[in-house]
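Novice: Dropping the structure in here first, questions after.
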Amino acid sequence: MNILVINAGSSSLKYQLMNPDTGDVTAKGLCERIGLDGRLNHKVIASGKKLVKDIPMPTHKEAIEAVMDILVDSEYGVIKSVDEIDAVGHRVLHGGDKFVASCIIDDACKQAIRDCIPLGPLHNPANLMGIEACEKAMPGKPQVAVFDTAFHMTMPPKAYRYAIPTKYYTEDHLRRYGFHGTSHRFVSKRCIELMGGKNADKIIVCHLGNGSSLSAVKDGKCQDTSMGLSPLAGVPMGTRAGDIDTCVAQFIMNKEGISADECLNMLNKKSGVLALSGVSSDFRDIEAAADQGNEDCKLALEKFAYEVKKYIGAYAAALGGLDCLVFTAGVGENSGSMRARICEGLEYLGVKIDAEKNKLRGEEVIISTPDSKVTVWVIPTNEELMIAQDTAELAR
């Protein structure tokens, strides 16, 4: 079965053609600068062939057409006809409280995604453009929406409700939603599989990268997560501030004479470890500078690890214990030093790290010692495979 996985942004479109049963990717790429001049970056996995080509892409429609053309191209293609694509899976950021699982896309689904635009103003419009472009390019082909928020819809009200006047919840649906849900679902599910279903009832997943979030998972269901109404909440990230006193925003707006939107732009794009380090939003750059003695970079790393550690402690309390601690995503999978910083001081929970195993990067591996009461995993995430599997199941 061939599933085309689409992740549409406002001016970009990522794609992968994959087998949902084996996880094998045959081709993948990126359409960028949509609405400007347009560029296609395409890679054939088996041969390693790559193509970078400037193609006019005034809208997502032309981007999808470029993807269809390259997939059947005589030199860079991997299928003979678009008919060989069985279904298309779309990553959709925000499903609000309307979607608790992935669904076949129909008119009602698209309207619900539109209704969630106030909750996901940057992403949902682009996701819709990707969906509609695929519908035009492949009429009649099954299309599936996989929502970033869906996995977190099992949270109880005590976790997702904000302590603000009820009308903002009932009328405007303001609540904790959480994001990276497809990653958290894939990783927690994989952890349970790897543990053979034993000693994996209480899991904390640390999705750590340029965007970071944690989730508390009990019996395979999310109980709490660090991001909130938007991806701004939680731990400090590459450029996002994470949790702050809202009066900080009020003070800055009053002092600088800026609008709420301008302040949010600063908190989303000019804060986080970028602001603390003064060097970069990339943890690799910050670690390199810290090793050279940069005190601001040392603080950025210490702050990040400290905030992640606090969430782990809080979620262990919320779960009533901890069986597995899982690291995933760019930083979680590749930075042994950050994993060590985070786990240092968690011995009271029963966490003991094997220093040699912790040096491994990007592998599915247990990095805790045999006598550790908590099994500590590194599990590479694969959101595209999760999307493909959901799409295949619904399309079948």
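Novice: Percent relative contact order of the chain, based on C-alpha pairs within less than 8 angstrom and at least six residues apart?
Specialist: It comes to 14 percent, rounded to a whole number.
Novice: Under 1.5 on a/c is rounded, so check that first for the stretch 96-252, then, if it is not, pick prolate when a/b is larger than b/c and oblate when it is not; a ≥ b ≥ c are the square roots of the alpha carbon gyration tensor eigenvalues.
Specialist: Oblate is the answer for the stretch 96-252, as a/c is 1.5 or above yet b/c matches or exceeds a/b.
Novice: A further question follows. Given LYS14/LYS136; LYS202/LYS309; LYS61/LYS98; LYS221/LYS373; LYS158/LYS202; LYS158/LYS218, which pairs have Cα atoms separated by over 20 Å?
Specialist: Distance filter (> 20 Å) returns LYS61/LYS98; LYS221/LYS373.
Novice: Quick check: the angle from helix 383-395's long axis to the longest principal axis of the chain, C-alpha only, nearest 10 degrees?
Specialist: Here the helix axis deviates by roughly 50 degrees.
Novice: Taking LYS303 as the anchor, which aspartates and glutamates have their alpha carbon closer than 17 Å to its alpha carbon, excluding any fewer than eight residues away along the same chain?
Specialist: ASP243, ASP245, ASP282, ASP285, GLU287, ASP291, GLU295, GLU344
Novice: Here is a further query. How far is it, in nm, from the label point at LYS158 to the one at ASP371 when both lie 7 Å from their Cα along the line to the Cβ?
Specialist: 3.6 nm
Novice: Would you kindly find the accessible area of GLU295, with a 1.4 Å probe and non-protein molecules such as ligands, DNA and RNA excluded, rounding to the nearest 10 Å²?
Specialist: Surface accessible to solvent at GLU295 totals approximately 120 Å².
Novice: Report, for the chain, the % of DSSP beta bridges that are antiparallel, rounded to 5.
Specialist: 70 percent
Novice: First check a/c for the stretch 1-118, with a ≥ b ≥ c the square roots of the eigenvalues of its C-alpha gyration tensor; if it is under 1.5, answer rounded, and if not, answer prolate when a/b is larger than b/c or oblate otherwise.
Specialist: Oblate shape, in that a/c is at least 1.5 and b/c is the bigger or equal ratio.
Novice: Which residue, GLY257, GLY96, GLY321, has the most motion in a Gaussian network model of the chain that connects Cα atoms within less than 10 Å?
Specialist: Ranking GLY257, GLY96, GLY321 by mean-square fluctuation puts GLY257 first.
Novice: OK, next. Would you calculate the volume per residue, in Å³, of the smallest convex hull containing every Cα atom of the stretch 216-290?
Specialist: Measuring per residue, one finds 112 Å³ for the Cα hull of the stretch 216-290.
Novice: Still on this structure, please answer the following. Cα-based Rg of the chain per 2.2 N^0.38 Å, rounded to two decimals?
Specialist: 1.00
Novice: Go through THR225, THR246, THR166 and list them by solvent-accessible area, largest first, probe radius 1.4 Å.
Specialist: Values: THR225 0, THR246 110, THR166 75 Å².
Accessible-area ranking of THR225, THR246, THR166, largest first: THR246, THR166, THR225.
Novice: Given the rule -39500 (n - 2.57) for each run of at least 4 DSSP H residues, summed and divided by the residues of the chain, what is its mean residue ellipticity at 222 nm, to the nearest 500 deg cm²/dmol?
Specialist: -11000 deg cm²/dmol
Novice: Using only Cα atoms and rounding to the nearest 10 degrees, what angle (0 to 90) does helix 60-71 make with the longest principal axis of the chain?
Specialist: 80 degrees
Novice: Let me ask something else about it. Could you tally the net charge around LEU36, taking each other residue with its Cβ under 13 Å from the Cβ of LEU36, Lys/Arg +1 and Asp/Glu -1?
Specialist: -2
Novice: Once you have a ≥ b ≥ c as the square roots of the Cα gyration tensor eigenvalues for the stretch 304-396, tell me rounded if a/c is under 1.5, and otherwise prolate or oblate according to whether a/b is larger than b/c.
Specialist: Prolate.
Novice: For the stretch 97-182, compute Rh as the Kirkwood radius over C-alpha pairs and then the Stokes-Einstein diffusion coefficient at 25 °C and 0.890 mPa s; write the answer in µm²/s, rounded to an integer.
Specialist: Estimated via Stokes-Einstein, D reaches 173 µm²/s.
Novice: Loop only by DSSP, 16 or fewer other Cβ within 10 Å of the Cβ. Give me the chymotrypsin sites (Phe, Trp or Tyr not before Pro) in the stretch 119-186 that pass, ordered by residue number.
Specialist: Here the sparse-neighbourhood loop sites are TYR162.
Novice: Taking the chain as a Gaussian network, where each spring joins two C-alpha atoms under 10 Å apart, which residue of LYS357, LYS255, LYS270 fluctuates the most?
Specialist: Answer for the Gaussian network model of the chain: LYS255.
Novice: Round to a whole angstrom and tell me the spacing of the C-alpha centers of the stretch 1-48 and the stretch 158-183.
Specialist: Comparing the Cα centres of the stretch 1-48 and the stretch 158-183, I get a distance of 33 Å.
Novice: Which distance in nm do the two modelled labels at TYR348 and TYR168 give, with both placed 7 Å along the Cα-to-Cβ direction?
Specialist: Once both label points are built, they end up 3.3 nm from each other.
Novice: May I pose another question? Hey, with R₀ at 35 Å, roughly what FRET efficiency would ASP97 and ALA260 work out to, going by the Cβ-Cβ distance, to 0.05?
Specialist: About 0.90, to the nearest 0.05.
Novice: I want to make sure I understand the PRE zone here: with the label point 7 angstrom from the Cα of ALA317 toward its beta carbon, which residues in the stretch 214-253 have backbone N atoms less than 19 Å away?
Specialist: 214-218, 223-227, 234-236, 243-245
Novice: Over the Cα atoms of the stretch 180-339, compute the convex hull volume and normalise it per residue, giving Å³. Display every interim value, and only then the final one.
Specialist: Details: hull volume 17.2 nm³, N = 160.
Dividing the Cα hull volume of the stretch 180-339 by its residues yields 108 Å³.
The values are calculated or read from the model by the stated rules, or taken from the named source; none is laboratory data. Please read all numbers here as calculations on a predicted model, not as lab measurements. Neighbour counts run over all protein chains shown; Cβ positions are idealised from the backbone, glycine included. To get the accessible areas, we keep the full protein, side chains included, count just its heavy atoms, and leave off ligands, DNA and RNA. Shrake-Rupley method; radii C 1.70, N 1.55, O 1.52, S 1.80 Å.
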